[in-house]
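Scroll down for the structure; my scribbles are underneath it.
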Amino acid sequence: MSNQSNHTEILLDIKNIKKYYPIQAGLFRRTIGHVKAVDDVSLYVKRGETLGLVGESGCGKTTLGKCIVRLHRPTEGELRYRFDEDGEYKDLLSLDKKESFNARKKIQMVFQDPYSSLNPIKNILTAFDEPLRIHGWTNANERKERVAELLESVNLHADYMYRYPNEFSGGQRQRICIARAMCVNPDLIVCDEPVSALDVSIQAQVLNLMKDLQKEHGLTYVFIAHDLSVVEYMSDRIAVMYLGKVVELASAKKLYYHFEHPYTEALLSAIPIPKIGEKRQRIILEGDVPSPANPPAGCRFHTRCHKVMDICRVKSPELRPMKNDPDHLVACHLADTVEDIAEIPADAV
Amino acid sequence: MATVLASKQKVKKSSLAKRNLQKLLNNKLAVFGLIVVTAMILACIAAPLLTPYDPMKISLSERDLEPSSNHLFGTDKLGRDVFARTLYGGRMSILIGLSGAIGGMLLGVIFGSLCGFFGGTLDAIFVKIAELVSVVPQLLLVLVLSTFLGAGVQNLIYVFMFTGWVATFRLVRGRFFSLREESFVEACRAFGIGNLSIAFKHILPNCLGPVAVQLTLNTAGFILQEAALSFIGLGVPSGVPTWGNIMNAAKEIIVITQSPWLWIPPGIAIALFVLGVNSLGDGMRDVLDPSQL
Amino acid sequence: MNKQDYILSINDLKTQFKIGKRVVKAVDGVTLNVRRGKTMGLVGESGCGKSVTAHSIMQLLPKAGSIKEGEIIFRPQNSEEFDIAKYRKTDKKLRNMRGRQISMIFQDPMSSLNPVYRIGDQIIESIIQHERISKKAAIKRTVDMLEMLSIPQADKRIMDYPHQFSGGMKQRVMIAMGLITNPELLIADEPTTALDVTIQAQILELMQQMQEQLGFTIIIITHNMGIVADMADDIAVMYMGKIMEFGAKEDIFLRPTHPYTRALLKSVPVLGNGGNDRLEPIRGTTPDPSDMPEGCSFMPRCDLATEKCKNAPPYEDVGNGHMVRCWYAKGGAANE
Ligand SMILES: Nc1ncnc2c1ncn2[C@@H]1O[C@H](COP(=O)(O)OP(=O)(O)OP(=O)(O)O)[C@@H](O)[C@H]1O
Ligand SMILES: Nc1ncnc2c1ncn2[C@@H]1O[C@H](COP(=O)(O)OP(=O)(O)OP(=O)(O)O)[C@@H](O)[C@H]1O
Ligand SMILES: [Mg+2]
Ligand SMILES: [Mg+2]
């Protein structure tokens, strides 16, 4: 089991990331508004840990993930990344061309849909070949050895490298995708719902594999999913997102028993648990998630919150540490958080 | 490890092309098309071996002969051997159709890939051009251009290229639009693979199936158009034998009724070749459709 | 138990698809009894034949598929029981049954509604098909039903088109369409798979409330063991076209007997356990349905498999209607 005290070093510090997609309309494709897919998110990821990211569809998980991998350029914000254990932090978004290319090696991604993640007309070897070649594996035989080694590390036969994607099942494909992400020896892998498209009986294979690889290679994961049970199983810390904002961040163990945010509470209670006997109290949220193009004023959750107060409709709560636990951050007027960011002890972040 | 690799390499190297060829050979329609098309192309190429006659040689002593063992398809008004003319004419017709279609395909693929991948202003401009080319009736365009450029084999090929890229362009551009959102493209991006490499090495090969089908359709279309244009005298100069030009002779009722050997052989040649190419195209479409096993 | 207590009894149902020369035995001997007024959960992995079972009950199979064997006895409250499998797809009896006595909600709410008709018209349509009723009364009933399903301003929203509704609302419209004719049996085929968890909770809650009010029977199809734990009274675990285990909810969760059921329960993370218990994946993958192994279909993936399993195991009662299809069900290895 990953032990929290083991990882203290911050690998990636996500600072005030915003990603707005323009909404265009009319003859001249004028921008008439913005989808605020990710709106001012600050998080950090420690080396060797798994940071879980949960939330409902459309809350901006994938967008945030893609910003981290730099598939999207954030509208605003910084991604401060520490390349070496004792090096300096550099903003990934303001690297020069060469540094930026080299940084691609460090952060990789596993995508949600294993069926579209592999090029259907390229066999596995060719799919791995180009990334390896451009990142310094110049010898073709070495590349082949490397692919064989990677396939075996995800429990697949080395000779599968000559096969085409359509010869593999979803679970096998996802394992190949994991191997591909690992081929350039990354530090950080953003896993965007890696098991959502898989059969229940296959999910466990992939989840366990990911845990094993993490232990073996000291990987850091940002693990995105909408299924809290899966996230809880995988993560050390969990960030709960709602409409482009992080509403609560706590260690996986804490979140289940000591949640503070009403949304987390509702989310937890909504997950059906495959156990009988204990009758849980279910909190049914009213209505639907509002559109991120036009989020409610004040606290974004107030339209569906069962504990809504007057202040929630006007003032948006900030994500702040709890008084009794600086590692537990909540954005809610009801939570007993520190008043002023300045009060946070310096070593807590 | 090395031994594992070496031994397995022989066992499993199922190339996609090989499997597709297998699938193609299982498809009766495609095989029929393939046989017809190859046989006809071979016959045209091997024309000197199949007939001793020169298609251009006028022999006034042998005018208007009916088919016989000497002249398989008879001779025309000027005493030229119709069999030889059909074979040599096939060379030119197929050359025109195929090169027009290939040229159009190349243009379409290049423009389509760039527009589909990068989008933006470039894309908007090309889409407008493609619209312009396609709203003008194609035959009219061909007419105008061929009068403008003058009749001639090369000019006709240019004309076909100019009208033929649009379909391929649309197809490739559309495929690019959907493929560029696929996760495997994003995976390439995450590795820092360059844009051109992504566009041409990773996405484009996924479009080539439909492009090949379009190529066959265009080839067939252009051969028919060549025939039509030559028939009305706007295609290839009448001296050059093409299927269309040969049939040009059959403009008069009297020829149609009295000397059917003048127009039936090239007519059948056109029909058969177009049918063959189209069946090959249809067959290929089935073969390349990934949902069919 | 009295026969009349079962609203539906399926006996040895076999449904097959013919694709070219291949025969896919999608449902291969399903036997089930559904208790009246209760909820039965049908769980299993993707492709195991859950939807095909449901479509067989409705006789709504696509052209390539047909019921080859078996009976589906339906016992409506106020009329004679009949065997659905005996009738032809287009028979008046079945047309009358579909939507009136048995309703079905499909997996994908997005594509189940016709985008060019108003929501209200689509619901009213399904009333008018089965009843002679004035338009005004039909509208009234539609609005009442939508209000019951907590769609705000239902009288105005019935004029909307499907794209103006969110996924959860569309699914509620589907439920409204299913329930508006007051059916006795509602088959919900993965009614919440396409929805978010909070919306899923809304929909499941609604279905339970409606069942309490109207007293219909539910067959809920899902691959989520959590949902059946929540909703179902009886559970059938399906694998490769067969029911592997059937029993009351307590039997399945507290005394799972078939190795597949046990494996399934151990392979999903349970909220609140943290990352503590390592998941136990099921080996391998599901076999190709057109090329099924001889004997027990779970054998290639089963840890307990022995020579004996090369013969098809019997479907036996291990007590109180708890049915298991395994050689080791009765005090054998499966019980440790
Ligand atoms: N390329 C895009 N252009 C415009 N809007 C987008 C784009 N990508 C995402 N969005 C919008 O941004 C919001 C967040 O999307 P995102 O894909 O990040 O959500 P998510 O949390 O990953 O959801 P899911 O669980 O469905 O994957 C959504 O409202 C979505 O419609
Ligand atoms: N129209 C069809 N033609 C051919 N085969 C079919 C057809 N519909 C279903 N099948 C086959 O029948 C089997 C059972 O399919 P079914 O749709 O019942 O699975 P399911 O249990 O509902 O899965 P899911 O959870 O993915 O919905 C599958 O192997 C499938 O390939
Ligand atoms: Mg997503
Ligand atoms: Mg189904």
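The values are calculated or read from the model by the stated rules, or taken from the named source; none is laboratory data. All figures in this text were calculated on a predicted structure; none of them were measured in a lab. Quick reminder, even Gly has a Cβ in these numbers, built from the backbone with ideal geometry, and neighbours come from all protein chains shown.
Things worth noting here:
- Of the residues making up the stretch B:184-201, those that are over 17 Å from A:N123 (Cα atoms) and either outside any helix (DSSP H, G or I) or of a type in the set (K, R) (or both) number 5.
- Counting only residues that are within 8 Å of chain B (Cβ to nearest Cβ) and surrounded by fewer than 22 Cβ atoms within 10 Å (Cβ to Cβ), the stretch A:119-135 holds 6 of them.
- Residue check for A:I189: part of a helix (DSSP H, G or I), within 12 Å of chain B (Cβ to nearest Cβ) and either within 16 Å of ligand 3 (Cβ to nearest atom) or within 30 Å of C:L195 (Cα to Cα) (or both): no
- Annotation note: of A:G48, A:G77, A:G65, the sole residue that is on the phi > 0 side of the Ramachandran plot, of a type in the set (G, A, S), in contact with a strand residue (DSSP E or B) (Cβ under 7 Å, 6 or more places away or on another chain) and not in a strand (DSSP E or B) is A:G48.
- The condition (being within 14 Å of chain A (Cβ to nearest Cβ), in a strand (DSSP E or B) and either more than 14 Å from ligand 4 (Cβ to nearest atom) or modelled with pLDDT of 90 or more (or both)) is satisfied by just one residue among C:G70, C:G41, C:G29: C:G41.
- When each of C:G99, C:G65 is tested for being over 28 Å from C:R172 (Cα atoms) and under 20 Å from the mean Cα position of the chain (by Cα), the lone residue that passes is C:G65.
- Pair list, Cβ under 9 Å, 6 or more apart: the stretch A:112-128 residue in contact (Cβ under 8 Å) with a residue 40 or more places away in the chain, other residue within 16 Å of ligand 4 (Cβ to nearest atom): A:Q112/A:A197; A:D113/A:A197; A:P114/A:G170; A:P114/A:A197; A:P114/A:L198; A:Y115/A:G170; A:Y115/A:A197
- Single match in B:A190, B:A212 (criterion: crowded, with 21+ Cβ neighbours inside 10 Å and either over 29 Å from B:A30 (Cα atoms) or modelled with pLDDT under 90 (or both)): B:A190
- Screening the stretch C:44-64 for residues that are small (G, A, S) and modelled with pLDDT under 90 and picking the one that is nearest to ligand 1 (Cβ to nearest atom) gives C:S46.
- Helices (runs of 4 or more DSSP H) enclosed by the stretch C:90-139 - at least 2 residues per element that are within 28 Å of C:R75 (Cα to Cα): C:92-97, C:119-128
- 1 or more residues within 13 Å of the chain's Cα centre (by Cα): qualifying helices (runs of 4 or more DSSP H) within the stretch C:162-257: C:225-231
- Among the residues making up the stretch A:99-118, those that are at the interface with chain B (Cβ under 7 Å from one of its Cβ atoms), over 21 Å from A:E149 (Cα atoms) and outside any helix (DSSP H, G or I) are A:F111, A:D113, A:S116.
- Residues located in the stretch C:44-55, provided they are within 24 Å of C:K249 (Cβ to Cβ), more than 6 Å from ligand 2 (Cβ to nearest atom) and more than 14 Å from chain A (Cβ to nearest Cβ): C:T53, C:A54
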